[in-house]
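These notes are about the structure you will find just below.
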Amino acid sequence: MPIKVLIADGHALARLGLLTLLSSAPGLRAVGEAADSDGARALAAAHSPDVILMDISLPLLGGIATTQHIVEAAPARPPRVIVTASEVSDDEIQSALRVGAAGILLKDTSPQKTIASISAVATGDMAFSPSVMERLIDAYTYRATATETAGSTLAMLTMRETEVLRHVAKGRSNSAIARELKISEATVKTHLNRAMTKLGITSRAQAVALGYECGLVVPSQPQPVA
């Protein structure tokens, strides 16, 4: 079954380019294109896309607020949202992750890497342009407060919950974590859900952000990049 993709971008040429790209990519299918936040929300409700390519500057509400509305309104499994931008600030990176974005791609990302990123987030992974990932690491790994708060934050978790959270913060899917730890995917989900409940977070993207904040992931470790 093809991955259903919704395009939400205020620029007609950008939408056309993405539609052309998706039409040539096996396994991907565009289910609609929206020029503003209202259109994106309506099409997301109507088509239940697997992945949304969300322009950060989407007219009306903006891409980040629109992402939050769509994720919160999803009746079951919310779509995976990749925020796209010509440029993005540190605050926007953090805000996008907090509302549940599964990735952030700059608009100069190559077609091949864009397709690979869509496929990756559809299976539960994260996708970031390299420069965005570098800034994410800088923002969360090296903050002075991370060292002070990491112990008290992670002390609530069992060793296995911490281990699963570390793998999630590296951008790995549940199936990959299960293979690495030699446990079932259901067990991975159980540990992750318990950890998220204890930490007061509600999305996988927030778990990634918290993993950086608490120092579970360091720059020398493999990172998911677009």
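List of remarks:
- Odd one out for residue 147, checked against (1) assigned to a helix (DSSP H, G or I); (2) under 20 Å from residue 102 (Cα atoms); (3) out of contact with any Phe, Trp or Tyr (no Cβ under 6 Å at 6 or more places or on another chain); (4) modelled with pLDDT under 85: (2)
- Some residue of the range 171-185 being buried (at least 18 other Cβ atoms within 10 Å of the Cβ), at pLDDT 90 or above, more than 15 Å from residue 82 (Cβ to Cβ) and not assigned by TED's automatic domain parsing to the domain that holds residue 22: yes
The values are calculated or read from the model by the stated rules, or taken from the named source; none is laboratory data. Predicted model only: the values in this text are computed from it and were never measured. Note: ideal-geometry Cβ built from the backbone for every residue, glycine included; neighbour counts use all protein chains shown.
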